[in-house]
Each structure stands twice: as structure tokens, then as C-alpha cells.
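A short worksheet on the structure shown next.
The values are calculated or read from the model by the stated rules, or taken from the named source; none is laboratory data. These numbers were taken from a predicted model, which means no experiment stands behind them. Here Cβ is always computed from backbone atoms with ideal geometry, including for glycine, and neighbour counts include all displayed protein chains.
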Amino acid sequence: MKKKWFKRTLGLMMVATVLLTGCGGGSETTEGGDGASTSTTSASDNDFKSVETFAYGSLDPHVDYYSWHSQKYGLTETLYRINDDMQLEPWLAESATTDESGQVTTVVLKDGVCFSNGTPLTSEMVKRNFERLIEKNNRFLYMADWTITPVDDKTFTIDTGAPYPTIVNDLATPELCMLDLDATTDFVSNPIATGPFKVETFVPEGDITLVRNDNYWGGEVICDSVTFYSMSDDQSKLMAMQNGEIDAYDNITSSDIELFSQDPDTYDLHSVPMQMRGYAFMNSERLPESVRQAITLMIDREAIASFMPGMFTATATIFDTDTDYGVAQPPATDVDKARAVLEADGYVLTNGVYMKDGQPLKVTLACYASRNIDTIAVLLQEQLNAFGIQAEIALKEDPDGTYMTDRDYEIGFYRSITDKTGDPITFLEFAVQSSGYGNVAGFGNEETDALIQQYRYEMDEAKRNELANEIMQQYYDSYTILVLNCYNRNTVMRKGVTNFNENNPYEFYGVSAATTPAN
Amino acid sequence: MAATATVKNGAAKPAKQLSKKQLKKLKMKRKAIILGIIVLVVLILSFFAPYFVPNDPYASNPTMMKQPPSAQFWFGTDHLGRCVFSRVLAGARTSIFATLVLVIISFIIGTAIGIICGYYGGAVDNILMRITDILLSLPQMVLAIAVAGILGGSLTNALIAIGVTSWTSYARLARSHTMRIKNLPYINSCRLTGSSDINILFHHVLPNLIGPMLVNATLEIGTTMLSIAGLSFLGLGVAPPAAEWGSMVSEGRPYLQLAPWTVFAPAVAILIAVMLFNYFGESVCDVANDV
């Protein structure tokens, strides 16, 4: 019996030791920040190493959202790109000119652009890439109505069939990257593209290593190779950075910002507001308008943001308010008005809880643990409880497989890039339009759909902005969305690392020919 | 204490030898009683914890985030400025009582199944024991994670997930004791006097196996507590912001380097509680075996 007791106690001690050792390791890493380079295991002084958060099984950039990764790795490039100031600028293209009708655009490719195998990029190949994208990706089916006509090797026209004011924005979408469709035999693991790097090894849902493209059309490529380790855990990424295993990574957490900022001699921190918003859908089929309106009026976004400094800024709007299409706004916070709205609908505050017909007012917050969304939910829950609405949290593994699909929620958190190419159309089609994937709160209607359709083909910029604001005001007035914050793209780089697109608000830009590793 | 003691043959044994044996028994009993009192005190404290926490365990405060231990906050504050000491106390109630509820339910279900299998045998025994074999052959934590993942994250679902397999040890033990007891002469006598099966099971079988079953239950408390904490750590237990030791360790993990107390406090609480219940279980086991 003694032996048994001894074994059990020993087992417990081992568990405790493992736990405490794990914790202790973290602390040691902090102290060893300066000596991190001693444990670096880089094969060459000129290799750049970073991490990839999401596991995915293919590099085919025309499929799904894989191009967001391949472009970040410096593998694929598009005809246009969005610069750090959110302005469109030519990349593989020299120019794009739309005629007066607004439906025919002439695109001229840059001289000397070629794939990593040395084959020049031609307008015929561009046309075939358009066709493959339409075939492989449902989100681009609308391009099937376009007529693309090569004029010569470097020039082609796009006839959209109707005025299409955002054609150049579309040319900058990462999915519309150029591949050598003749030479590529393995689209999943080794697409041949125009970027400064080409694939050396790719493990589906694992690591990827790219090596310098010696035929790069854009000039000298500084790094010999680029490696992105597959790492989804924030703590692992933090320790990989502290150990010197990686040179840089983005989307760092609030606590990591605090940690890295304590060691400015070792790390450079960069923060730039993204076009990614965190928001919550309020299901109109589950919550009456008075409750949705009251929640919109009582929320204190600044208080929520104050808990995660640097991670995001509080905002009530889907688009930046300094843009011409970001004028529409939801009502400002007014707790007294929120109470008046509920009381007008028959709710009575009893013992700190609003009651109606003898039932307490309860809501469930469906959320998931990513980008501090679960923490935001906890803070919103606290505000709701203090206000008099009993809130419970339902933590889900993944929103897309649960409440975004079955709509079984009352308040459901989500985040997305709302202004993908410097134009509101991305979000309008995603959440406002009745057929949009994000129309899960019961807003979509024919009137707004007609306005969105009108917006899509409106050429006059002033009129477009007016339409965008009208649509968004309708959306806000439905109280089906509660915008919470605007995420920052936070990037940490070891001293010496440069040009990781750290000042670009879009996370699908990363490694370039000018990127330099820490060494 | 008597100077001498008689044994079966009636011969007197030296007083010193008998005293040692008795002393050992007394020590074991005393240890079990002391540990029982400590366990009782912990249970009472954890039950009434919400009434004497120094701060609101759920009140966030942006001006007090990640504060180190101090006179105001004995175990410091977490990333939302909440008092960690208050949360550990509040979490004790969740962690300990959820464990006890699960152990009691598993005990009842497992014992009932074990007695039925052991007493009746035949096809019922074969079917239930093969199910038990299957469940025992699966890694318990992996199965619990899978079940909790399907059911969704909540304390109730976590208890169901662990409970799917936790009854099996009781069933095995109860079955083997029942098979032994049912062949004893007094059970046959009962049958001859016309006692019903229910009467025999409740009045003659159950009282004779309840002792070892209770000992087994006390030994399972520590393991069950770790399982619940493990699921909560993985986000499959209590929903935030509820205080529970496993979820507190998980919540504090991103702040390990900035505020290690947010992890250490609940982790040490788990460690102490599990050791205490295991130690108590072993003591009860020692006393029971000696009796």
C-alpha cells in the first residue's frame, strides 16, 4: 500500500514538475532575450524565417484564399498592388486605362516581366490566368462575363460588358496572380510564378521553404531563401522569436506587443491600422429591434479597447470615417437613450435585470478564441450584465462551421477585411447583400440589393460615395451589426530585418525582393 | 491501553509487539481522520467561497491589469484586472464540486451496472462488460476531448465527456465483488427463504461492497479533478468568464512571461487539491484494508 501511495505521489510530483518546468521555461526565455542569437539554427546568414499561422493544404493561388499566403511568401504577384498608403499602383502591369464608356480597360504589361523559369509573361498568359481563376474560384465567377482580348504580347483589353469602375481594384486582388500555366505541373506544391522567390519544399499544412528566383524581373533579390514555419500557437511563435528561430512575424498579440516593447534593442515593433474590423452580428430573428438598438446605444467600445492596448482601436464603423464612403454611422453611445428604448418596449428594470412578461432579458454571445475575440466577448458580457441584460458566452471552435452557417445565435462575433481593395464593394457583397455569406442577421432585402447593384456599375465617384453611404446607413439603422474595433497589423522584426511590408495595412503582403534577414 | 492482549490460542503475547500493531492502526485512523477534517474544511470553504472573496472575481479593471501580488490583491491580478485570489477561491467551488458531482454520478451508475452484471451474469453481463472493455481500451482523455468537442464547450458537457468512461472502473470493481458475494452461503440462504433479487441486492450485496467502492471513489477524485481541469484548459470546459482552475491556467498562459502569477496560482491550487484528495483516498484505503 505504501508503494502504491508512493507511486501516486511520485506521479503527481511529475505532473507538477512538467507544469512548473513549462512555466519556468517561459521566464528564462524572457531573460535570455539578448542572448537569443546564440541559439539560432539558421543554415545561412542570408535566410529569412517567419511563421505561418494557418494550416492549408495547397499553394494553388487561384483556389480558395491560398493566394493570400503565396503572395505573402514572395511567390506570386498581381497586375496591380495596394501600397502602404492604400493607393493602387502598377506591379506586373505598366498601366491600365479605362475608356470613356467605363467598360473597356486597356492593360499594358511591364517590359521584362518573366516567370521564375525565365519564360516571359504575355497577355495571352494573363488571359488564361483569368480563365483559370474563374474556373477554380467561385468568388470570381462574375468575371466570366468579361471579354479579355490580347492586342499584342504586352497589351490586352478587358471588356466588362457594362461600366465597371473598380476594375483596377480587381487587378490588385491577390487571387488574380500570374502563373506559368504551361510549365507548372504541380499547382498544389510548386506553382511557377513571377515573384522574387520560388518553391523549394512545401509540406501541405506544414512548413514551406522558398529559394531566390534568379530570373526575377524586378531586380536583385537580397535573401537566399525564405522559410515559413507552420505555427498556430501564439506562445510558440513568441518563443520562436525570442529564441532567434525566426526573424519576424505579424499579427502579434497584445501581450506580445507589451513583451517585445520592453526590449527595443532587440526588436522593432510596427503597428499600422488594418482594414480588418471586429464586429458582432445581432440576429434580427432572435432579438427584437428594441434590444438590438439598446445594445448598440449602450456599448462602450473604448473601455473594451483599453484592455488590449495596441491590438486594435475602438471604432463604430465598417469603413474608415476619413474616406468619402465612410460617412454613414450608427448612433453614438447613449446609455440613457438605450434604457428609454427598452422601457418604451415594455422592459422594466427589476433588481438590476430588465424583465418583460415576467422573463429576464437574456442574450447569448457566440464567439471563438482568435484575435482576442473571446476576451472582447467577456468584456461585452460584463457591460451587458451591468446594464441589465443577462449575457452568457457560448465559445465555439469555429464560427464558419457553426453559427455563421446554421444562424443559431443571438449575438455572433466575426471579423473580416471590410475594405479589401480600397472600395466598399467587398463588404457590401459579403454582409449587406441578401445573397452574401455574411448576411446572417436577417438584414438583406430587395431594396438594398438594388442599390448595391446600382453602386456596382455607377461610374461617377461622388454618386458612388453617396450610394455607399446610403446603403451603409440603412444597414446601421437595422441594428443588425455592432462594429467593435479596427485591428492593427502589428509586426515584430528582429533588429536588422527590413522590408517585410510591415507598414502595409494588408496582411497578404510580406516578403519582397528587398526583404533583408536579421543577419 | 491494556498491558496484554489475548489471541486465538489464548496465550499471552508480549505487550510491546501488540502495542506496535495497535499503534499503527491508530496512526492510520488518526491520519485518515485528520485528512478527512482537512478535506471537509476545504469543501466547506470552497462551497462558501463566493461569500468571503475579498474582491469581485468577475469585475474587470483596465487600471489594474497584470498587477503583481500585493496586500490588496494577494495573488495579483490577471489580464483583465480581475483579482486572481478571488478567482481561485471562486474557482474552487466550480472545480471541486464539479468533481464531486461527477464522481458521485459515476459511482452510482458504475456500481449499479457492476452489481447487475455480477449478480445476473449471462447475456446482460457479456454485453455490458464488452462495452466496458471497449471504453477501457480507448485513451480516456482523447475520448473525452472528442465527446466534449462534439457536444460543445460547457461544464455540463465536460462532465458528460469524462463521465462516458469514468463509470467503468466502478462497474468492474462492483461486478467482481458481487460475483464473490453472490456465491456465499448466506445469499443462498436468502434465496431459499424466498427473498427477492431486489431485496438480496439492496440488503445483502450492496452493504458488503460499498466499503471498497467508496475507497475507490475517494481515489478517483484526484484523477477526475485533473481531467476536468484538462478539458477546461483546452477550452472544452466552463464557458468564460467563469472561474475554474483549468480555464484560469489557460487564460493566463499568454501572459506567462508578463504575469506568471495568473498561471501559478490556479496551477498550485490544482496541485494541492489533487494531492490532498489522493492522500485522503489512500488513507481511507489503508484503514479499510486493515479493517
> In the list A:121, A:109, A:133, A:141, which residue meets the criterion of being in the same structural domain as residue A:96 (by TED's automatic domain parsing) and modelled with pLDDT under 95?
Replying inline: A:141
>> I'd like the residue in the range A:267-298 that is surrounded by fewer than 17 Cβ atoms within 10 Å (Cβ to Cβ) and among the charged types (D, E, K, R) and, out of all such residues, is farthest from residue A:485 (Cα to Cα).
In response: A:285
> Among the listed residues A:160, A:184, which satisfies the condition of being more than 22 Å from residue A:514 (Cβ to Cβ) and free of Cβ contacts under 8 Å to residues at least 40 places away in the same chain?
Replying inline: A:184
> In the range B:233-260, how many are out of contact with any Leu (no Cβ under 9 Å at 6 or more places or on another chain), surrounded by fewer than 23 Cβ atoms within 10 Å (Cβ to Cβ) and more than 9 Å from every other protein chain (Cβ to nearest Cβ)?
Replying inline: 2
> What are the residues in the range B:129-144 that are among the hydrophobic types (A, V, I, L, M, F, W, C), in a helix (DSSP H, G or I) and surrounded by fewer than 17 Cβ atoms within 10 Å (Cβ to Cβ), if any?
Replying inline: B:131, B:134, B:135, B:136, B:141, B:142, B:143
>> When you scan the range B:190-203, do you find a residue that is within 9 Å of chain A (Cβ to nearest Cβ) and surrounded by fewer than 23 Cβ atoms within 10 Å (Cβ to Cβ), even just one?
In response: no
> Among the listed residues A:59, A:133, which satisfies the condition of being closer than 22 Å to residue A:511 by Cα and not in a strand (DSSP E or B)?
Replying inline: A:59
> In the range A:182-215, which residues are hydroxyl-bearing (Ser, Thr, Tyr) and surrounded by 14 or more Cβ atoms within 10 Å (Cβ to Cβ)?
Replying inline: A:184, A:189, A:194, A:209
>> Against the definition (within 25 Å of residue A:476 (Cβ to Cβ), part of a loop (DSSP other than H, G, I, E, B), of a type outside the set (Asp, Glu) and free of Cβ contacts under 8 Å to residues at least 60 places away in the same chain), how does residue A:317 come out, yes or no?
In response: no
> How many residues, within the range B:216-232, are β-branched (Val, Ile, Thr) and within 11 Å of another protein chain (Cβ to nearest Cβ)?
Replying inline: 1
> residue A:464 versus (1) over 27 Å from residue A:53 (Cα atoms); (2) surrounded by fewer than 19 Cβ atoms within 10 Å (Cβ to Cβ); (3) of a type in the set (Lys, Arg): which is the lone unmet condition?
Replying inline: (2)
>> Checking the conditions here, which among B:180, B:175 is in contact with a Gly (Cβ under 8 Å, 6 or more places away or on another chain), modelled with pLDDT of 90 or more and at negative phi?
In response: B:175
> For the range B:121-129, does any single residue satisfy the condition of being aliphatic (A, V, I, L, M), touching a residue at least 24 places away in the same chain (Cβ under 8 Å) and farther than 20 Å from residue B:223 by Cα?
Replying inline: yes
>> I'd like the full set of residues that are in a loop (DSSP other than H, G, I, E, B) and aromatic (Phe, Trp, Tyr), limited to the range B:47-88.
In response: B:58, B:73, B:74, B:75
> Considering the range A:477-491 alone, what residues qualify as being surrounded by fewer than 23 Cβ atoms within 10 Å (Cβ to Cβ), over 16 Å from the mean Cα position of the chain (by Cα) and of a type in the set (A, V, I, L, M)?
Replying inline: A:482
> residue B:272 is checked against (1) in contact (Cβ under 8 Å) with a residue 24 or more places away in the chain; (2) more than 9 Å from every other protein chain (Cβ to nearest Cβ); (3) surrounded by fewer than 21 Cβ atoms within 10 Å (Cβ to Cβ) and fails just one. What number does that condition carry?
Replying inline: (1)
>> Give me the strands (runs of 3 or more DSSP E) completely within the range A:327-395, filtered to those with at least 2 residues that are facing another protein chain (nearest Cβ under 10 Å), ordered by residue number.
In response: A:362-368
> Quick one: how many residues across the range A:396-407 are on the phi < 0 side of the Ramachandran plot and part of a loop (DSSP other than H, G, I, E, B)?
Replying inline: 6
>> For the range A:238-267, which positions are assigned to a helix (DSSP H, G or I) and farther than 18 Å from residue A:47 by Cβ?
In response: A:238, A:239, A:242, A:254, A:255, A:256, A:257, A:258, A:259, A:260, A:261
> Given the conditions (1) of a type in the set (Asp, Glu); (2) more than 9 Å from chain A (Cβ to nearest Cβ); (3) under 22 Å from residue B:173 (Cα atoms), which single one is not true for residue B:282?
Replying inline: (2)
> Going through the range A:329-345 one residue at a time, which ones are small (Gly, Ala, Ser) and at pLDDT below 95?
Replying inline: A:332
> Could you list, in sequence order, the residues of the range A:418-466 that are in contact (Cβ under 8 Å) with a residue 40 or more places away in the chain, assigned to a helix (DSSP H, G or I) and either of a type in the set (Ser, Thr, Tyr) or on the phi > 0 side of the Ramachandran plot (or both)?
Replying inline: A:457
